[in-house]
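Read the figures in this text as sums done on the coordinates, not as results from a lab. Everything quoted here is computed from the prediction, not taken from an experiment. Virtual Cβ from ideal backbone geometry, glycine too; neighbours counted across all protein chains shown.
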Protein chains: 2
Amino acid sequence: MTQRPTLQSVAKAAGVSPMTVSNAFNRPDQCSAGTREKVLKIARELGYAGPDPAARSLRRGRTDTVGVLLTERLPYAFTDLGMVAFLHGLATALADAGQALLLLPAEGNAEHAHVRNALVDAFVLASLLPDDPAVADVIERRLPIVSWGEPRLPGVPRIGIDNARAAAKAARHLVGLGHRRFAVVTFGATADIDDEHTLAVRGVHRAMAERVDGFTRELRAAGVTDVAVLDATKNARAAGAQAVAAALENPEFTAVFAVTDVLALGVLDAAARAAVAVPAQLSVVGFDDVAAASSSVPPLTTVSQSLFEQGGLAARAVLDQLAGREPKARPIRSELVVRGSTSAVPESQARRTPRVR
Amino acid sequence: MTQRPTLQSVAKAAGVSPMTVSNAFNRPDQCSAGTREKVLKIARELGYAGPDPAARSLRRGRTDTVGVLLTERLPYAFTDLGMVAFLHGLATALADAGQALLLLPAEGNAEHAHVRNALVDAFVLASLLPDDPAVADVIERRLPIVSWGEPRLPGVPRIGIDNARAAAKAARHLVGLGHRRFAVVTFGATADIDDEHTLAVRGVHRAMAERVDGFTRELRAAGVTDVAVLDATKNARAAGAQAVAAALENPEFTAVFAVTDVLALGVLDAAARAAVAVPAQLSVVGFDDVAAASSSVPPLTTVSQSLFEQGGLAARAVLDQLAGREPKARPIRSELVVRGSTSAVPESQARRTPRVR
DNA sequence: AGCGCCGATTGTAACGATACAGCAACGGTC
DNA sequence: GACCGTTGCTGTATCGTTACAATCGGCGCT
């Protein structure tokens with residue numbers, strides 16, 4: 001078996017210096033077309049695979065790669081449509097800047113080494129637990145960091161919306177439609193630590209709590225206190241359906257706010273099953289505005305937080321830091337997108353619950 | 001500004017050899033607890049971030065990372081639920097083996113360098129065009145390769161189902177239910193090359209053509225030739241709806257086979273809009289069995305090809321090659337999952353189209 | 001002819017770790 | 001007490017590039 005040829009060996013075979021070979025591969029303009037072609041031809045003949053990226057990275061001191069640390073177990077990340085949208089935006093913006101994206105599981109099983117060995121120039125933390133050991137590992141690497149949602153670390157730019165304020169918009173919308181009796185569907189609120197899935201959930205828990213808070217606070221400001229909180233076991237469509245199924249038998253509310261589109265879609269499923277018409281009998285509002293929200297039946301009214309755009313912003317914050325620029329904090333808009341799952345409170349219901357003055 | 005400390009400098013400060021520092025970080029068992037702690041303490045004091053991954057990779061000759069090359073423009077990859085499911089399986093299996101996953105756009109804009117510089121030990125090609133220039137770049141790297149779906153390269157293990165045979169199962173199912181007049185919804189069949197999106201599409205085109213072929217061939221074997229082929233502009237829910245919308249005004253068929261779940265969901269949307277009851281008036285079959293297929297209304301009957309599992313198989317094929325083992329080809333099952341979107345042909349329709357004998 | 005300049009090319013010294021072989025000290029065994 | 005296997009540590013060579021400064025022709029200008 002022959003040794004894998006190196007840049008040196010190509011140089012020798014071509015009768016030029018190693019630098020010329022390097023130039024031929026990396027800087028066509030620094031090199032006459034003639035020698036360049038000659039070098040490339042010899043390289044091909046020797047079966048040279050091109051400059052070794054590891055050696056190049058060592059020498060240049062950078063990898064042109066950004067690592068993104070995903071919640072605990074990778075599975076969860078891909079199951080979550082919101083996360084996928086964020087990654088989509090992140091990957092796109094990074095690709096345009098010539099950076100590749102390395103997916104890192106925030107382990108939970110391996111020997112703790114993934115973050116330590118990651119060939120990256122910077123990290124993006126995507127909805128992690130503040131006390132996840134992987135976060136400590138990342139900090140130890142002393143590379144630029146950007147955090148999305150959680151955790152909030154001093155000196156680390158964070159991309160994320162004001163969950164409470166955004167949820168309040170949903171409340172205003174529903175109150176404006178005349179609703180006075182509500183249910184909120186959240187998840188992970190009552191979760192235990194010993195469940196494996198729960199660990200992944202805890203990282204996003206804070207955001208969910210903020211949404212519930214913002215929603216109920218706004219209701220209270222409008223004089224409404226009739227809010228039932230339903231806790232789903234996890235952020236999944238079926239779990240959302242399950243959470244409201246019982247309550248839909250004999251609904252004590254005319255509107256539901258789900259802290260996640262995925263949950264809201266589950267609520268739609270449950271309503272369909274229970275023959276509760278949406279929005280005629282029940283209004284439903286979600287949160288995130290994932291792609292599936294616009295094609296559900298009926299299309300979901302939801303709080304849009306432009307996850308794709310947030311991925312792009314995270315990318316820019318990373319690139320700013322890599323370029324030595326101060327990452328400038330741009331506010332992230334969130335807005336209510338009114339579609340077909342909400343309407344004015346039904347007449348019969350309105351009579352049963354007189355307006356507050 | 002101080003220089004970033006190196007392993008050497010830590011060794012000097014601790015009064016030990018560099019190897020001892022290396023051992024302290026990487027091989028706790030090769031090192032007495034005492035010295036280990038001393039070394040780590042000094043490292044912390046100096047602000048040492050741990051062994052440099054680039055240097056380590058150069059020396060060890062591996063990166064513990066697998067690169068996955070995605071269709072043309074990254075955006076498409078994340079929009080495609082099937083692709084996400086595959087990546088999910090791939091990432092999970094690789095993570096369990098201690099490998100990270102590097103996402104590489106098969107560019108289309110950048111200066112051609114992404115693949116060349118990728119810090120990886122192997123590549124996975126995910127539904128690429130056989131003539132994508134990036135494929136040539138990958139081959140040039142002379143690293144282990146696994147291909148998913150397309151392209152088919154000599155000597156490269158390929159993960160993928162037999163699309164024609166799988167689609168035939170859908171045909172058999174529908175014929176068995178008494179259907180005799182069909183529509184097939186596909187995409188990209190008539191696409192032009194000058195559209196940017198189309199380029200991405202062409203890579204999966206072959207698979208789609210195989211599905212259409214397998215479906216119609218099976219029908220013909222059953223003596224059925226009444227098949228309308230509808231071409232969607234792209235693999236998206238809305239496009240699927242649009243493709244059948246006109247035909248649903250006055251349907252000439254009782255069953256629709258969509259080459260993709262995403263398209264099939266669009267067909268469901270269109271049917272709902274046109275007040276065509278599924279499955280009472282129209283049966284719909286999809287392909288892929290993405291997560292959304294089981295929670296649609298009605299739940300979609302579809303050809304399941306366990307994309308998640310295929311990701312795992314791709315990972316195993318990669319790991320086999322990295323370990324010097326011959327990757328063993330395992331057959332990938334595809335099976336029809338009958339859910340709620342198909343039923344026997346409606347009586348009125350059955351009369352209109354007498355059975356072939 | 002002499003001068004300065006520019007683009008192409010070269011030589012050498014890192015970049016920061018780990019593999020490998022070797023060595024000293026230490027107990028336990030006969 | 002000689003022998004031997006472990007354990008814990010050390011020295012050095014090397015992984016394959018690229019940065020940097022220096023060099024070398026050739027060519028247009030004066």
To the nearest 10 degrees, how steep is helix B:81-96 against the longest Cα principal axis of chain B, on a 0 to 90 scale? 30
Relative pair counts by distance (%), Cα atoms of the range A:1-144, 10 Å bins: 10, 30, 23, 19, 15, 2
I'd like to compare B:226-236, A:280-290, B:302-312: which one has the highest average count of other Cβ atoms within 10 Å, and what's the full order after that? A:280-290, B:302-312, B:226-236
Measure out, as a whole number of angstrom, how far apart the alpha-carbon centroids of the range B:266-289 and the range A:318-335 sit. 44
Using the charge dipole of chain B (Lys, Arg: +1 at Cβ; Asp, Glu: -1 at Cβ; taken about the Cα centre), state which of B:GLY47, B:VAL303, B:GLY223 has its Cα farthest towards the positive end. B:GLY47
In Å, the Kirkwood estimate of hydrodynamic radius for the range B:22-106 over Cα pairs equals 15.9
Enter the angle in degrees (range 0 to 90, nearest 10) between the Cα long axis of helix B:307-322 and the first principal axis of the Cα atoms of chain B, meaning the one along which they spread out most. 40
Residues of B:57-64, mean number of Cβ from any other protein chain within 10 Å of their own Cβ, rounded to a whole number? 5
If you take the Cα Rg of chain B and divide it by 2.2 N^0.38 Å, with N the number of residues, what do you get? 1.28
What's the magnitude of the charge dipole for the range B:208-357 around its Cα centre, counting Lys and Arg as +1 and Asp and Glu as -1 at the beta-carbon? Answer in Debye, nearest 20. 280
In degrees from 0 to 90, rounded to the nearest 10, what is the angle of the helix A:163-176 Cα long axis to the longest principal axis of chain A? 30
The range A:200-253 shape via C-alpha gyration tensor axes, a/c threshold 1.5: oblate
What is the dipole size for chain B, taken about its Cα centre, with +1 at each Lys and Arg Cβ and -1 at each Asp and Glu Cβ, in debye to the nearest 20? 1120
Most fluctuating of A:PRO154, A:PRO298, A:PRO251 in the GNM of chain A (C-alpha, under 10 Å) is A:PRO154
Roughly how big is the protein assembly as shown's charge dipole about its Cα centre, with Cβ charges of +1 (Lys, Arg) and -1 (Asp, Glu), in debye to the nearest 20? 620
Toward the positive end of the charge dipole of chain B, about the Cα centre and with charges on Cβ (Lys, Arg +1; Asp, Glu -1), which of B:SER127, B:LEU313, B:THR186 goes farthest? B:LEU313
For the range A:211-298, alpha-carbon Rg over 2.2 N^0.38 Å: 1.03
Projecting the Cα atoms of B:ALA323, B:ALA245, B:PHE78 onto the charge dipole of the protein assembly as shown, where Lys and Arg contribute +1 and Asp and Glu -1 at Cβ, the residue farthest towards the positive end is B:ALA323
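So, by mean Cβ neighbours within 10 angstrom, what's the order for A:170-177, A:266-273 with the highest one leading?
Order by mean packing, descending: A:266-273, A:170-177.
Per-residue mean of other chain beta-carbon atoms within 10 angstrom of the beta-carbon, peptide B:231-238? All intermediate terms of the calculation are to be shown ahead of the outcome.
Numbers: counts 0, 0, 0, 0, 0, 2, 4, 2.
Neighbouring Cβ atoms belonging to other protein chains average 1 per residue here.
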Lys pairs in the protein assembly as shown, Cα-Cα under 25 Å, at least 8 apart or on separate chains: how many? 6
Partner shielding of A:87-95, taken as the mean number of other chain Cβ atoms within 10 Å, equals 5
Which value in deg cm²/dmol, rounded to the nearest 500, describes the helix-derived mean residue ellipticity at 222 nm for chain A, given -39,500 (n - 2.57) per DSSP H run of n ≥ 4 and division by the residue count? -14000 deg cm²/dmol
GNM flexibility winner over chain B from B:ALA292, B:ALA207, B:ALA344 (Cα, springs under 10 Å): B:ALA292
Per residue, what volume in Å³ does the convex hull of the Cα atoms of the protein assembly as shown enclose? 184
Under a GNM of chain B (C-alpha, springs under 10 Å), which listed residue has the highest mean-square fluctuation: B:ASN163, B:ASN117, B:ASN23? B:ASN23
